[in-house]
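Heads up: the structure comes next, in structure tokens.
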Amino acid sequence: MPPPFDPVAARRLREQLGMSHANISHGMWASYGLRIHPATVLAWERGEGAPDERELTALAGALWCAPADLLGRPTTLREWRWARGVTSPDLAHQLGMRRGDYERMEERGRWSGNVRQSALLGQLLDIPLPDLLAVTGRAEKLADHLRSTAKVRWQAYAGPVCAMVPLPRERVEEALRRINEEYHALMASTLSWSASAPAEDKSGPYLDGVLDRFWTLLGLN
């Protein structure tokens, strides 16, 4: 799959440098050994195609920018790696993994690294914590814990949540306590009746959005 290329950003950066498509083509050849026709660079800017990983790195070099400046918001592990300009062999080596094992995880979208490797992955690619849990497939498990936190004693889920969220325990526990209090306040308002009709039930939507609320309480959203 090609990266989430931003053609508007590519055109804007080239124009700011006062360079032609031929200049960009030459820069990619001179510095990276890639023969890319000027017409191909133009097509990328028109959204009629997208550079692959090597081409993206070379294009960023020719435009004097970071690969991330040419991409939309990363949503997968592969896209985060592209955005940081890191090759899969280098990343696998730094994580202490075999290259093939790491690349299979990227292709399948299933992260199976251990806790240490997961934390190191976030550091190496500078992935914000909410995105890190999403790309490593742990966000839904965290959301399950948070929904249970809202309904019962939050202290019972402090351990599992803190194990997934490497932040000061007091900070995480305060967010869990707030979630529990907010949910029960919504439940109480739902059960209270006015003179003519019951209050609107907001507990369901609250649980649906509890993960976003958790990140907001932690100041990460």
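Derivation of every value follows stated rules applied to the coordinates shown; laboratory data play no part. Values in this document were obtained by computation on a predicted structure and should not be read as measured data. Here the Cβ is made from the backbone with ideal geometry for all residues, glycine too, and neighbour counts use every protein chain on show.
Using 0.36 nm times the number of residues separating residue 221 and residue 188, minus their current alpha carbon distance, what extension gain do you get? If you can, show how the numbers build up before the last one.
Values: separation 33, 0.36 × 33 = 11.88 nm, distance 2.73 nm.
Length gained, residue 221 through residue 188: 9.2 nm.
Gain in length, residue 202 to residue 26, computed as 0.36 nm per residue apart minus the alpha-carbon separation, to one decimal in nm?
Values: separation 176, 0.36 × 176 = 63.36 nm, distance 5.90 nm.
Working it through step by step, the gained length comes to 57.5 nm.
Principal axis lengths of segment 139-217 from Cα atoms, whole Å, largest first?
48, 20, 19
Count neighbours as other Cβ atoms within 10 Å of each site's Cβ, and list the GluC sites (Glu not before Pro) in segment 1-109 that are DSSP loop with at most 13 such neighbours. All intermediate terms of the calculation are to be shown ahead of the outcome.
Details: sites: 15, 45, 48, 53, 55, 79, 103, 106, 107; in loops: 48.
Answer in residue order: 48.
How compact and how long is segment 129-176, expressed as Rg and Dmax of its alpha-carbon atoms in Å?
Radius of gyration, then largest Cα-Cα span, for segment 129-176: 10.3, 29 Å.
Farthest toward the dipole's positive end in the chain, which of 19, 183, 97, given Cβ charges of +1 (Lys, Arg) and -1 (Asp, Glu) about the Cα centre?
It is 97, whose Cα lies furthest towards the positive end.
Using alpha-carbon pairs under 8 Å, 6+ residues apart, how would you state the relative contact order of the chain in percent? If you can, show how the numbers build up before the last one.
Details: 232 pairs, mean separation 29.0, N = 221.
The value is 13 percent.
Per residue Cα convex hull volume for segment 7-70, in cubic angstrom?
Roughly 67 Å³ of hull volume per residue.
By how many nm would the segment from residue 112 to residue 152 lengthen if fully extended, with 0.36 nm per residue of separation less the alpha-carbon distance?
The residue 112-residue 152 span can extend by a further 11.4 nm.
Could you state the principal axis extents of the C-alpha atoms in the chain, from the largest down, to the nearest angstrom?
74, 46, 27
Give me the angle, in degrees from 0 to 90, between the Cα long axis of helix 53-62 and the longest principal axis of the Cα atoms of the chain, rounded to the nearest 10.
Helix 53-62 sits roughly 70 degrees off the main axis of the chain.
Over segment 103-175, what is the relative contact order in whole percent, taking alpha-carbon pairs under 8 Å and six or more residues apart?
Working: 37 pairs, mean separation 14.5, N = 73.
Computed value for segment 103-175: 20 percent relative contact order.
Can you work out the Karplus-derived ³J(HN,Hα) for every residue in segment 169-180? Use 6.51 cos²θ - 1.76 cosθ + 1.60 with θ = phi - 60°, whole Hz, and x for glycine or proline.
Once rounded to whole Hz, the list reads 4, 4, 5, 5, 5, 5, 5, 5, 4, 5, 4, 4.
Show that you can apply the helix-only estimate: for the chain, add -39,500 (n - 2.57) for every DSSP H stretch of four or more residues, divide by all residues, and state [θ] at 222 nm to the nearest 500.
On the way: 14 runs with 142 residues, N = 221.
It comes out at -19000 deg cm²/dmol, rounded to the nearest 500.
Under a point-charge model restricted to the Cβ atoms of Lys and Arg (+1) and Asp and Glu (-1), what is the dipole moment magnitude of segment 7-70 relative to its Cα centre, in debye to the nearest 20? Working shown, then result.
On the way: 6 positive and 7 negative charges, 30 e Å.
Result for segment 7-70 is approximately 140 debye, rounded to the nearest 20.
Can you give the three extents of the C-alpha atoms in segment 77-135 along their principal axes, from longest to shortest, in whole Å?
26, 23, 20
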